[in-house]
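Comments concern the structure below.
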Amino acid sequence: MDFKDNGTLSIWIYRALYGVVWLISLIPFRVGQSLGRTLGNILAVALKRRIKASLNNLRYVFGDIMSGVELIELNGRIVAHFAQMLFEVPHILRLNRTNLNRYVIFENEDALNQAIKKGRGAFILTGHFGNWELMSAAMALRFKTKGGVVVRPADFAPVDRLLTSLRSRFGTEIIAKKRAMKKLLAAKKENKVIGILLDQNVDWYEGVFVPFLGKSACTNKGLALVALRTGSPVIPAFSVRQPDGRYRVMFEDEVSLLKTGDKIKDIEENTALFTQIIGKYVGQYPDQWFWFHKRWKTRPYCPLPEDYYHPLDAEG
């Protein structure tokens with residue numbers, strides 16, 4: 001069924017989903033995490049080897065250093081982490097400036113403050129790691145500046161509307177990934193802080209192949225391109241679940257971009273640098289990264305599609 005053509009049904013499904021999220025948000029944060037962990041453990045045991053997408057990725061990366069039992073155990077912890085997120089993300093509806101420290105703690109936030117003071121905008125380098133949705137909402141509350149995040153719209157319209165509602169709750173602009181280049185270039189003029197999740201696979205004509213967790217991965221080159229062109233600071237930020245249930249949002253100092261004068265080389269080398277930073281966190285906390293995505297799907301020498309569009313075409 002095409003939900004774009006059936007607006008009334010789409011609206012009612014959205015309202016039902018929002019209602020479920022609202023009800024989950026009433027569950028105390030720690031209780032919800034416990035429920036999510038239990039649910040995740042049950043799913044991990046019940047499904048075991050059937051959670052193939054993440055398990056295959058784990059084998060691809062760690063197959064030489066982990067046994068089959070260790071890989072399945074790690075896969076179970078990954079499932080448990082994301083089951084907890086199902087109970088955590090709804091708390092964006094309860095989040096405010098007075099209760100922020102119940103959910104997150106910030107580390108080295110001066111790195112972002114200093115970047116904002118430069119008045120050239122800033123790009124947040126991050127990935128599908130920890131609880132990136134909660135981190136984004138917390139940052140929107142914490143820092144008094146215009147912000148945005150680049151996303152790929154969900155295929156199911158009611159879900160996309162729900163996610164947009166949560167993500168924009170505190171004024172964050174939602175920027176569709178396709179044709180986002182103009183808004184990224186405008187971030188400097190408007191002194192906006194734009195979040196970019198740079199850990200997903202892209203088609204070869206949209207990215208460059210760089211090492212990620214020891215394997216060649218096609219990675220979007222857009223951040224390197226726009227950062228080099230605008231001179232806007234790139235600040236890595238990642239959230240890590242703590243033993244007390246809160247998330248520690250860690251900011252790193254501004255990334256020193258590599259500039260050789262060779263445009264192609266600079267894009268490749270800086271994309272590799274960004275990917276290395278993401279890989280560092282995934283390597284330290286492998287159970288908190290979204291392994292279900294087919295990160296290494298793209299291979300070299302793929303055919304150019306008929307509807308190929310390059311983001312630079314929009315610059316005019």
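At a glance:
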item: Label zone at residue 293, where the point sits 7 Å out along the Cα-to-Cβ direction: the stretch 189-206 residues whose backbone N lies under 14 Å; result: 195-203
item: Percentage relative contact order, the chain, counting C-alpha pairs under 8 Å, at least six apart; result: 23 percent
item: Cα centroid separation - the stretch 107-169 against the stretch 186-225, whole Å; result: 16 Å
item: Links that overshoot a 23 Å alpha carbon limit, given the list 259/297; 178/221; 146/297; 221/259; result: 259/297; 146/297
item: Inter-probe distance in nm under a simple model that places probes 7 Å from Cα toward Cβ, at residue 9 and residue 94; result: 3.5 nm
item: Under the span-like rule (Cα at least 24 Å along the axis, Kyte-Doolittle mean at least 0.0), DSSP H helices of the chain; result: 7-25, 29-47, 68-88
item: Orientation-averaged projected area, Cα convex hull of the stretch 7-299 (nm²); result: 15.9 nm²
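No value in this document is a laboratory result; all are computed from the given coordinates. In this text, all values refer to a predicted model and were calculated from it rather than measured experimentally. Positions of Cβ are generated from backbone atoms using ideal geometry, with glycine treated the same way; all protein chains shown enter the neighbour counts.
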